[in-house]
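*Asks:* This structure is in structure tokens; I'll ask about it shortly.
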Amino acid sequence: MRGARLAVAALVAIAVLVALIPLGRWERSRRADEQVRGMQSVLAAVGRLDSPSLAAFRQLGSFDCLLYRRARNPFALEVCVNDRGRVVEAIDRRGKAARIWSLRDDPSRSSVLVDRARVERLLRKMGAPR
Amino acid sequence: MAALVLSLAAASSNVKYLNIPFGRQLRWVVLAELLAVAVLLAASRGKRRSLVGAPLAGAAAAAALAALALVSTAWSPDARLTAARAVSLTLLFAAAGALAYAAAGDRRVAELVLVAVLGGATLVALAGLVHLALSPEQAVVAATARQAARYNGLGANPNAMPVVLALAVPLAGWMLLYARRRAARGLAAAAGVLMVGSIVASGSRGALLAAFAGLLALALTVARSRRRAAALAAAVVAGLAVSLLVMQLPRPADRDPPLTPSAAQRTVDPAGAELLLPLADEIGHPRSGELAPPRRLLSSLGRARAWRGAIEQAGERPLLGYGFGTEERVFVDRYYLFFAGRVENSYIGAALQIGVVGLVLLLALVALVLAGGLRAVRAPRSTRPLAAACLGVVVCGVVLAVTQSFLTSAGSVGAAPFWLCAFLIGGLAAGSRSRA
């Protein structure tokens, strides 16, 4: 009798765990979509990557960033791109607090793509080392 | 068990030839060996033990937590990492469970485990002193304008080794109170002083508070009268006060130390944004002309901000989190006064990894262990000191988990001692019930 109860409990537990899988994946997709929308809004605010407002760069090993001036802030908008051209992080510093959208934890979820070769040219133009 | 504590410490150490390629692999081999020995020990007890009530509920909570960790592979950004870490946690739980089962009928097993944890932690503290003598520049973080010099010992940072030392302090107290031989009590006292001294020198406030919280729990549960409880508690509080005073003695430097030649070579291109606004220091960065506040006893500016940021990030995937074992991958240090790759709070870290569902399971497991511990210390006299020692370690760990991420990381220096003692409480409780 006790063995039967344990077996039922185990089956219920397995069913619950299996049911969690689509839920966990849905949370993952929902967050990724939110971050992508934020990154797209920053890119839209930047306009062209070779905009005259391009003011600075950042190189961090796993990705490189281009920073754009707005008014007196040379770092107002920032777009970070990995070596495959995926935008993995975007920051809007035009307000009081920086608004950050990031998929650093899971870059493959970013559907925002830019021309990596163009990013490279812009970095060299600003004097970034290879 | 002592070997496991040592190998975990080696894997977290700043000594290159201990850490990579040695310590990081060795800890898993030792864990597997411990599991094998624990299972053999449990099997050799022979008589079946009835697992009902709180121990059964605790076992179920632990199994559910491990199962959730494994299933989170399905939504993790690094399935292999999640699977490996979930398996290691499961192995640790299995070893702890087997030892607890063996201890249910034979308290000598529990005594051996506790003495081994204490021995392992003492060796870690001693090894830190040897490292200080041989490589003082690695064993000590130099003073800056913001904070005084801090003792690393073997650890990669000043907060690393104090985790296992703090967990072992209640065990030193247990041995000091209950060891039969005077020499053993003397060794326990010396070990306790060494470990507390190492924690004080490290400047790790969380570890110090946790160590004395564990001692206080031990004192209150072993005292046979209110008078004795008050006397022991007063002694513990006095010890904490003295330790805190001594911890404040070293002063920050007048100015920051010069960059080493290798660090100077790594400075960023002056045209780069990283020089003026590093991404890792963006939040809380002082404005031009402002100075960062010095580190004080009660200051927690950097940590509080980092925790807030991590909670917001956990809120983006609240139910099931980002995947077990992904805390360092998911948490991004953007905080000026915070220097860690993890959240440094086990509860927020758990929420980040396995969401509210996982956090609730973890808290339920801890609550069951604490409740079991309180019941076990009212049990027959023969097991009361053992239960009190285990409860002291658990209380220490629960407090320490507020300022360190280690509870769910089987490879961390503190997880094994904590969970072994936590599961032993269940074993001692089951054993008391059987005898009754």
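The values are calculated or read from the model by the stated rules, or taken from the named source; none is laboratory data. Remember, predicted model here, so these are calculated numbers, not experimental data. Counting neighbours? That spans all protein chains shown, and the Cβs are built from the backbone with ideal geometry, glycine included. Calculation scope for accessible area: heavy atoms of the full protein, side chains included, ligands and nucleic acids excluded. Shrake-Rupley method; radii C 1.70, N 1.55, O 1.52, S 1.80 Å.
*Asks:* Rounding to the nearest 10 and keeping the result within 0 to 90°, find how far the Cα-based axis of helix A:2-46 lies from the longest principal axis of chain A.
*Replies:* In chain A, helix A:2-46 runs at an angle near 10 degrees to the longest axis.
*Asks:* Is the range A:32-103 best put as rounded, prolate or oblate by its Cα gyration tensor, with a ≥ b ≥ c the root eigenvalues, rounded for a/c under 1.5, and otherwise prolate when a/b is larger than b/c, oblate when not? Don't skip to the answer; put the middle values down first.
*Replies:* Working: a/c = 1.60, a/b = 1.18, b/c = 1.35.
Oblate.
*Asks:* Please calculate the 1.4 Å probe accessible area of B:Glu328, with all protein chains present, and give it to the nearest 10 Å².
*Replies:* 70 Å²
*Asks:* Would you mind working out the magnitude of the charge dipole of chain A relative to its Cα centre, with +1 at each Lys and Arg C-beta and -1 at each Asp and Glu C-beta, to the nearest 20 Debye? Walk me through the intermediate numbers first.
*Replies:* Working: 26 positive and 13 negative charges, 50 e Å.
For this selection, approximately 240 debye.
*Asks:* Keeping all protein chains in place, calculate the accessible area per residue for the protein assembly as shown (probe 1.4 angstrom), answer in Å². Kindly include the intermediate steps, with their values, before the conclusion.
*Replies:* On the way: 26350 Å² over 566 residues.
Normalised by residue count, the accessible surface of the protein assembly as shown is 47 Å².
*Asks:* Now for a different question. List the accessible area buried at the contact between B and A, summed over both sides and calculated with a 1.4 Å probe, in Å² to the nearest 100. Walk me through the intermediate numbers first.
*Replies:* Values: alone 20460 and 8560 Å², together 26350 Å².
The B and A chains share an interface burying roughly 2700 Å².
*Asks:* Considering the dipole of the range B:336-436 built from charges on the beta carbon (Lys and Arg +1, Asp and Glu -1) around the Cα centre, which of B:Gly392, B:Val357, B:Phe406 is farthest to its positive end?
*Replies:* Farthest along the dipole direction, towards plus: B:Gly392.
*Asks:* Rank A:Ala97, B:Leu320, A:Gly38 by how far each Cα sits towards the positive end of the charge dipole of the protein assembly as shown (+1 on Lys, Arg Cβ; -1 on Asp, Glu Cβ) and give me just the farthest.
*Replies:* B:Leu320
*Asks:* For the Cα atoms of chain A, what angle does the longest principal axis make with the long axis of helix A:116-125, in degrees from 0 to 90, nearest 10?
*Replies:* 40 degrees
*Asks:* Report B:Trp75's accessible area, 1.4 Å probe, all protein chains in place, as a number in Å² to the nearest 10.
*Replies:* Surface open to solvent at B:Trp75 totals about 0 Å².
*Asks:* Just how large is the dipole of the protein assembly as shown about the Cα centre, in debye to the nearest 20, putting +1 at every Lys and Arg Cβ and -1 at every Asp and Glu Cβ?
*Replies:* Once rounded to the nearest 20, the dipole reads 1540 debye.
*Asks:* Let me ask you something else. Restricting to DSSP H runs of at least four residues, report the calculated mean residue ellipticity at 222 nm for the protein assembly as shown, -39500 (n - 2.57) per run over all residues, nearest 500 deg cm²/dmol. Before the final figure, lay out each step's value.
*Replies:* Working: 19 runs with 338 residues, N = 566.
That calculation yields -20000 deg cm²/dmol at 222 nm.
*Asks:* Radius of gyration and Dmax for the protein assembly as shown's Cα atoms, expressed in Å?
*Replies:* Considering the protein assembly as shown through its Cα atoms, Rg and Dmax are 25.7, 83 Å.
*Asks:* Could you report the accessible area of A:Asp33 in Å², rounded to 10, computed with a 1.4 Å probe on the protein chains as they sit in the structure?
*Replies:* 80 Å²
*Asks:* Between A:Ser62 and B:Ala280, with labels modelled 7 Å along Cα→Cβ, what's the label distance in nm to one decimal, could you check?
*Replies:* If labels sit at A:Ser62 and B:Ala280, their model points lie 1.3 nm apart.
*Asks:* Positive end of the dipole of the protein assembly as shown, charges at C-beta (+1 Lys, Arg; -1 Asp, Glu), about the Cα centre: which of B:Val377, B:Val37, B:Val236 has its Cα farthest in that direction?
*Replies:* B:Val377
*Asks:* Could you give the nm distance between label points at A:Ala98 and B:Leu126, where each point is 7 Å from its Cα heading toward the beta carbon?
*Replies:* Spacing of the two 7 Å Cα→Cβ label points: 4.8 nm.
*Asks:* Where does each of A:Arg130, A:Arg118, B:Arg80 land when they are ordered by accessible area, with a 1.4 Å probe and the largest first?
*Replies:* Numbers: A:Arg130 235, A:Arg118 95, B:Arg80 205 Å².
From most exposed to least exposed: A:Arg130, B:Arg80, A:Arg118.
*Asks:* Name the shape class, rounded, prolate or oblate, that the alpha-carbon gyration tensor gives for the range B:323-436, where a ≥ b ≥ c are the square roots of its eigenvalues, rounded holds for a/c under 1.5, and otherwise prolate holds if a/b is larger than b/c and oblate otherwise.
*Replies:* On the way: a/c = 3.18, a/b = 2.42, b/c = 1.31.
Cα axes put the range B:323-436 in the prolate bin.
*Asks:* Now a separate question. Over the range B:60-199, with every protein chain in place, what whole percent of the accessible area is carbon and sulfur at 1.4 Å, could you tell me?
*Replies:* Details: 3580 of 5290 Å².
Of the solvent-accessible surface of the range B:60-199, carbon and sulfur hold 68 percent.
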